[in-house]
1. Counting alpha carbon pairs within less than 8 Å and at least 6 residues apart, what relative contact order, in whole percent, applies to the chain?
2. Can you give the charge dipole size of the chain about its Cα centre, rounded to the nearest 20 debye, using +1 on the beta carbon of Lys and Arg and -1 on the beta carbon of Asp and Glu?
3. Amide H neighbours of Tyr32 under 5 Å, counting only residues 5+ apart in sequence or on other chains, H built in-plane at 1.01 Å?
4. Let me know the longest stretch in the chain that avoids all GluC sites (Glu not before Pro) found in a DSSP loop with at most 14 other C-beta atoms within 10 Å.
5. For Lys126, which aspartates and glutamates qualify as cross-link partners when the Cα separation must be under 19 Å and same-chain residues fewer than eight apart are set aside?
6. Between beta-carbons, use under 14 Å as the cut-off and find the net charge around Gln151, counting Lys and Arg +1, Asp and Glu -1.
7. With θ set to phi - 60° and the Karplus curve 6.51 cos²θ - 1.76 cosθ + 1.60, what are the ³J(HN,Hα) couplings of the range 215-224 in order, to the nearest whole Hz, using x for Gly and Pro?
8. For the range 56-72, in order, what is each residue's ³J(HN,Hα) by Karplus, 6.51 cos²θ - 1.76 cosθ + 1.60 with θ = phi - 60°, in whole Hz (x at glycine and Pro)?
Amino acid sequence: MREPLLELRGVCRHFQAGGLVQALNDVDLSIYAGEFLLILGPSGSGKSTLLSVIGGLDRPTAGEIMLEKQAIHRLSENQLAHLRRRKMGFMFQFFNLLSTLSALDNVALPLRMNGVSTHEARERAKQLLDLVGLSARLQHVPDELSGGEQQRVALARALATSPALLLADEPTGNLDSGNSSMVMELLERFNREQEQTIVVVSHDHAFRSIAHRVVHMRDGYIAEVEDLK
Ligand code: ADP
Ligand code: MG
């Protein structure tokens with residue numbers, strides 16, 4: 001049996017918001033290196049919360065999360081921030097690029113934060129922007145890019161540090177169908193050619209054509225795990 005890259009055991013995330021909100025309830029999930037995992041489910045079913053606890057952006061209120069045998073739910077804030085910078089790449093629905101930085105510097109930033117020299121960070125950023133088809137847009141700031149282009153910059157940025165896990169929350173949620181397909185094709189290619197482990201949260205069933213497994217969320221529970229490949 002292969003060892004999982006990341007393992008959740010009995011993970012709960014409850015919020016006190018007026019009443020008790022059980023956003024995640026007793027979630028057990030293993031994520032394996034090299035897989036493309038799709039998390040599907042209706043709005044409010046806990047998908048974003050699940051992705052946040054997987055990525056160390058949020059902490060479970062109960063349960064365990066092991067990343068390469070390290071208990072990440074026990075880390076201090078500083079240790080968790082360090083782990084996120086080294087091991088996780090994030091993509092969001094609204095791209096979340098820094099508006100004053102060029103595409104090149106947005107992609108170079110996570111490397112700079114990990115202590116990579118400006119020159120080396122920019123060289124790697126150029127390579128990645130080339131891979132996502134944006135070598136003609138290096139000096140553009142986000143406002144000078146289309147939504148599809150911004151999301152491709154965000155993808156390059158998420159991959160800059162060669163993260164163990166690429167986590168994407170509704171990465172096509174704000175794109176038209178042409179740009180959605182382009183982002184999906186790029187994710188598929190990074191998974192296939194570079195064995196990048198990818199977890200995508202979406203309600204777009206088109207991701208089924210590239211996912212290896214589908215986790216169906218309902219009311220904070222995993223209702224079903226579907227094997228597609
Ligand atoms: P999804 O991404 O599937 O739409 P979420 O994970 O965002 O769902 O939310 C799951 C549930 O948890 C929802 O009922 C939501 O309102 C609630 N929730 C999420 N974040 C918070 C929060 N910070 N405080 C209170 N409730 C929250
Ligand atoms: Mg969500």
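The values are calculated or read from the model by the stated rules, or taken from the named source; none is laboratory data. In this text, all values refer to a predicted model and were calculated from it rather than measured experimentally. Here the Cβ is made from the backbone with ideal geometry for all residues, glycine too, and neighbour counts use every protein chain on show. These area figures cover heavy atoms from the full protein model, side chains too; ligands, DNA and RNA do not enter into them. Shrake-Rupley method; radii C 1.70, N 1.55, O 1.52, S 1.80 Å.
1. Reported relative contact order: 28 percent.
2. Dipole size: approximately 540 debye.
3. Leu5
4. By the stated rule (loop sites, at most 14 other Cβ atoms within 10 Å), 69-194.
5. Straight-line reach from Lys126, under 19 Å: Asp105, Glu144, Glu149, Glu193.
6. Overall, the nearby charge balance is -3.
7. Whole-Hz 3J(HN,Hα) from phi for the range 215-224: 9, 9, 9, 8, 6, x, 10, 7, 7, 6.
8. For the range 56-72, the Karplus curve yields x, 7, 9, 10, x, 7, 7, x, 10, 10, 10, 10, 6, 6, 9, 7, 6 Hz.
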